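Read through the structure below, which is laid out as structure tokens, and then see the notes.
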Amino acid sequence: MALTADVKAELIAVRDPRPTVRVAETTALLRFAGGLHSIAGHVAVEAEVDDRSLAIRTARDIAEIYGVRPELAHIQASGAREGERFAVRVVKGGETLARQTGLLDMRRRPVRGLPNRLTTGNSDDLAAIWRGAFLAAGTLSEPGRSASLEVACPSGEAGMALVGAAGRIGIAAKSREVRGVPRVVIRDSDAIRAMLQAMGAQKTAEAWDAMRQRREVRAGVNRLVNFDDANLRRSAQAAVAACARVERALEILGDGVPAHLKQAGDLRLAHRDASLDELGHHADPPLTKDAVAGRIRRLLAMADKKAATDGIPGTEAAVPATENA
């Protein structure tokens with residue numbers, strides 16, 4: 001997927017020099033790209049990735065942070081796998097590396113999730129966990145109804161650790177299982193953009209958001225064009241007019257708008273197609289539809305009064321002429 005490749009290319013270039021951030025990213029990448037194996041009775045650490053430059057960078061990070069030199073191997077595509085794969089392996093010193101990264105506990109038992117010291121770190125460490133996990137097993141789909149930022153997980157515990165890390169930086173993620181594979185998914189568009197930015201994929205986040213906005217505008221236009229029912233068309237026109245008036249009201253009042261009226265106006269603009277009842281459910285705390293309607297009416301009336309006093313066009317002037325017809 002082109003978007004996934006764009007994100008990974010941008011994340012590979014992220015180089016944070018702080019030791020805790022590098023450890024968090026490298027540990028997450030090792031956990032989500034492979035983990036622990038037993039070779040000839042010895043514990044080996046291996047990560048399998050889909051990009052040669054990522055494999056080289058991972059090997060370099062392991063060598064610089066932990067002082068061991070990994071082996072690099074090219075894996076030929078076979079079966080359902082498409083494209084090249086590259087393995088980063090540490091056999092000699094693998095058990096020591098596994099203990100240092102927290103993938104193996106003091107009793108030589110594999111850690112099924114992520115080390116606690118990582119998941120309780122600061123926001124930069126938590127973002128690094130997500131960066132490593134996404135580089136290992138992440139995908140980003142195009143904006144739309146099925147938009148998602150998703151990471152395949154080696155275990156349910158690893159998935160829950162990733163969900164927790166996202167929650168601690170204020171981003172909602174959910175764990176689910178698809179065809180027996182645990183996955184962590186972010187579906188909300190704003191949350192997807194926030195996670196891309198947190199991980200360090202600023203350019204991709206901007207491009208993805210721009211694509212989303214274009215699609216939303218196009219979808220809105222298509223809905224209007226395809227309305228067969230005159231009542232639905234009038235409802236759509238009324239929504240456009242209401243939003244235009246609210247935008248103008250907030251512009252007229254500026255910093256002088258009361259907080260509760262601004263909240264109602266912001267709700268109207270944030271959910272343009274929602275009913276008053278739905279707007280009330282989006283409020284915090286929730287409001288009745290009558291309360292929302294009353295606040296919007298007072299917002300418009302206050303703005304129109306100020307506009308008349310200042311001798312400037314009121315809120316009705318913001319409504320497109322075609323909507324008044």
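Got a sec to turn the phi values of the range 119-128 into Karplus ³J(HN,Hα) couplings, 6.51 cos²θ - 1.76 cosθ + 1.60 with θ = phi - 60°, whole Hz, x for Gly and Pro?
So the J values, rounded to whole Hz, are 6, 10, x, 7, 4, 5, 5, 5, 5, 5.
Provide the per-residue ³J(HN,Hα) series for the range 168-184, in order, calculated from phi with Karplus coefficients 6.51, -1.76, 1.60 and θ = phi - 60°, each as a whole number of Hz, with x at glycine and proline positions.
Karplus-based 3J(HN,Hα) across the range 168-184 equals 6, 10, x, 10, 7, 9, 10, 9, 8, 10, 10, 6, x, 10, x, 9, 10 Hz.
Give me the one-decimal nm value for the distance between modelled label points at Glu278 and Lys203, 7 Å along each residue's Cα-to-Cβ direction.
Roughly 3.7 nm, to one decimal.
Which order do peptides 57-66, 108-117, 28-37, 175-184 fall in by mean Cβ count within 10 Å, highest first?
28-37, 57-66, 108-117, 175-184
For a protection proxy built on the mean count of beta-carbon atoms within 10 angstrom, sort 241-247, 265-271, 159-165 highest first, please.
Put in order of decreasing packing, that is 159-165, 241-247, 265-271.
Between the range 3-80 and the range 270-292, what's the alpha-carbon centroid distance in Å?
Taking the Cα centre of the range 270-292 as reference, the centre of the range 3-80 is 47 Å away.
Explain nothing, just compute: Karplus ³J(HN,Hα) = 6.51 cos²θ - 1.76 cosθ + 1.60, θ = phi - 60°, for every residue of the range 312-318 in order, whole Hz, x for Gly and Pro.
Along the range 312-318, the couplings run 10, x, x, 5, 5, 5, 7 Hz.
Please report how many Lys pairs in the chain have alpha carbons closer than 22 angstrom, counting only residues at least 8 apart along the chain or sitting on separate chains.
Within the chain, the lysine pair count is 5.
Throughout, read-outs are computed from the coordinates displayed, never taken from laboratory work. The structure displayed is predicted, hence computed values, not measured ones. Counting neighbours? That spans all protein chains shown, and the Cβs are built from the backbone with ideal geometry, glycine included.
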